[in-house]
């Protein structure tokens with residue numbers, strides 16, 4: 001299903017992991033879908049790509065079709081994301097940053113539902 005266009009109608013679970021999804025599907029309905037899937041007492045784990053110095057948000061690949069993703073890619077700022085999730089009663093419980101040799105970097109945040 002298209003998480004950016006359709007509402008998810010599944011039962012909530014204890015852990016939702018959204019890795020490098022919001023950059024492609026957006027932080028609107030896709031984020032609402034992810035949050036709706038978190039059961040009370042559950043957690044949302046998110047991996048966001050950080051800006052690069054070379055501005056290569058979609059990496060090189062031997063598959064030319066991968067480059068078509070560039071037009072559907074928008075970075076999501078981790079600080080904005082943290083502040084946004086507070087509005088939904090999700091509290092940051094863990095975060096980490098990782099850099100890759102090719103120059104990309106990633107931010108991971110784990111949020112718990114405060115309800």
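Brief remarks follow.
- Relative exposure of 32, 53, judged by other C-beta atoms within 10 Å (fewest first): 53, 32
- Neighbour counts of other Cβ atoms within 10 Å put 106, 73 in the fewest-to-most order 73, 106.
Computed from the coordinates by the stated procedures, all read-outs in this text should not be read as laboratory data. All figures in this text were calculated on a predicted structure; none of them were measured in a lab. When we count neighbours, we look across all protein chains shown, and the Cβ atoms used for this are built from the backbone with ideal geometry, even at glycine.
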